[in-house]
Amino acid sequence: MPRKNRVWYPGAIYHVMNRGNRRAPIFQNEGDYYFFLKQIEAAKNQYPFAVHSLCLMPNHFHIQLETEAEELGKIMKKIATTYAMFYNSKYSLSGHLFGGRYKAPLIENDAYFLEVSRYIHLNPVKAKMVKAPLDYEYSSYQLFMKDRETIKRNHILKTMDGIVDTSRILSFFGNDKDQYRCFVEGAGEHDEQEKLIMNEMGEDELWLPS
């Protein structure tokens with residue numbers, strides 16, 4: 001179960017999510033997604049942390065993030081502030097890009113850790129943007145499933161590969177990506193956990209991209 005409070009300590013794992021102000025888009029094209037990924041990369045260089053999974057949706061993002069020596073607030077401020085300045089300048093906008101403070105419930109056990117990764121990777125499917133999670137380009141699920149040469153040839157995946165560490169998640173499945181795929185895409189009993197995560201993140205049919 002995730003904790004409600006925001007007390008920070010090294011090694012804490014969070015399910016971080018934020019959406020566009022008034023649920024408006026925060027990404028409009030590949031260049032926007034790429035720039036956001038580069039801001040995560042820059043933040044990792046300044047404030048080392050681990051990313052276990054992520055998914056960038058048109059009007060919100062999910063990051064499964066583990067802190068090290070810096071608190072989550074500094075990390076997210078660096079990412080969000082730089083990206084918002086870029087986005088507003090690019091599209092001649094003003095005001096807040098994001099709809100308030102990000103949500104970041106703590107993840108405190110392995111079972112929930114895995115359920116969050118599944119939830120993040122299925123986000124585009126739940127939003128009816130794709131039929132299968134592997135079809136969505138701006139998700140770390142591609143890193144878990146695709147071969148190294150394919151990843152290296154795609155600049156989005158190559159950048160993502162420098163950000164996301166798949167090893168912890170895969171270690172629960174004997175480093176077998178097919179077993180992880182069965183966990184994510186299989187017909188196991190996940191309804192209760194999905195509802196819990198949706199409640200924690202404040203997600204419902206209204207947040208789905210149109």
Matching entry among SER117, SER167 (being over 18 Å from GLU30 (Cβ atoms), hydroxyl-bearing (Ser, Thr, Tyr) and surrounded by fewer than 16 Cβ atoms within 10 Å (Cβ to Cβ)): SER167
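Identify the residue in the range 170-187 that is closer than 19 Å to PRO133 by Cα and among the hydrophobic types (A, V, I, L, M, F, W, C) and, among all such residues, is surrounded by the fewest Cβ atoms within 10 Å (Cβ to Cβ).
ALA187
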Of all residues making up the range 63-79, the number that are in contact with a Leu (Cβ under 8 Å, 6 or more places away or on another chain) and either in a helix (DSSP H, G or I) or not hydrophobic (A, V, I, L, M, F, W, C) (or both): 3
Residue that is surrounded by the fewest Cβ atoms within 10 Å (Cβ to Cβ), among those in the range 50-59 that are under 19 Å from GLU115 (Cβ atoms) and touching a strand residue (DSSP E or B) at 6+ places or on another chain (Cβ under 8 Å): ALA50
Within the range 138-156, considering residues that are over 13 Å from the mean Cα position of the chain (by Cα) and in a loop (DSSP other than H, G, I, E, B), the one surrounded by the most Cβ atoms within 10 Å (Cβ to Cβ): LYS146
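Conditions (1) part of a helix (DSSP H, G or I); (2) of a type outside the set (Gly, Ala, Ser); (3) crowded, with 21+ Cβ neighbours inside 10 Å, marked per residue:
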site	(1), (2), (3)
PHE61	no, yes, yes
SER89	yes, no, no
HIS96	no, yes, no
ALA111	yes, no, no
ASN123	yes, yes, yes
LEU134	yes, yes, no
LYS158	yes, yes, no
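Each reported figure results from applying straightforward, stated rules to the coordinates on display, with no laboratory input. Note that this is a predicted model, so its numbers are computed, not measured. As a convention, Cβ positions derive from the backbone with ideal geometry for all residues, glycine included, and neighbour counts pool all protein chains shown.
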